[in-house]
Amino acid sequence: MWPARHALRRTLHRCHDIEEPGRLVDFIASSLPSLSTSDKQETLETTDVRTRLEKINQHLAKELEVQQLRNKIQSEVQDRVQQDAACSTTFANR
């Protein structure tokens, strides 16, 4: 997980240096590991910058939703494991 976060931070820092919207969306599209090759190609072939930005924005919104769901599941599993461990400790001490 940490290498992915580090890579994301580097990507975000690079984004700050790109001022032209078309180049920015191209960079983001090429940097997203979750974006399929065909989706990347379709985005890069789209000539209208606004349309490319909208496509990437939609993908990023989906990614955010997936990540939020992952975080929720991880948190719930962690809570359950802690509850089970507390119950096990209580029964072991009897």
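Compute the Cα gyration tensor for segment 27-66, then decide on rounded, prolate or oblate, letting a ≥ b ≥ c be the square roots of its eigenvalues: rounded whenever a/c is under 1.5, prolate when a/b is larger than b/c in the other cases, and oblate in all that remain.
Here segment 27-66 falls in the oblate category.
Whole-Hz ³J(HN,Hα) for each residue in segment 19-26, computed from phi via Karplus 6.51 cos²θ - 1.76 cosθ + 1.60 with θ = phi - 60°, x for glycine and proline: what do you get?
Working through the residues one at a time gives 9, 7, x, x, 5, 5, 5, 4 Hz.
Hey, got the dipole for the chain? About the Cα centre, +1 on K and R Cβ, -1 on D and E Cβ, debye to the nearest 20?
The dipole of the chain has a size of about 420 debye.
Once the dipole of the chain is set up with Lys and Arg at +1 and Asp and Glu at -1 on Cβ about the Cα centre, which of S30, L69, C15 lies farthest towards its positive end?
Working it through, the farthest residue towards the positive pole turns out to be L69.
Could you tell me which residue out of A86, H6, I56 lies farthest along the dipole of the chain toward its positive end? Charges go on the beta carbon: Lys and Arg +1, Asp and Glu -1, centred on the Cα centre.
A86
Based only on Cα atoms, what Rg/Rh ratio does the chain have, Rh being taken as Kirkwood's radius?
Using only Cα positions, Rg/Rh for the chain is 1.25.
Laboratory data are not the source of any read-out in this text; all were calculated from the coordinates shown. Fair warning: this is a prediction, and the values are worked out from it, not measured in the lab. All Cβ positions, glycine included, derive from the backbone under ideal geometry; neighbour counts span all protein chains shown.
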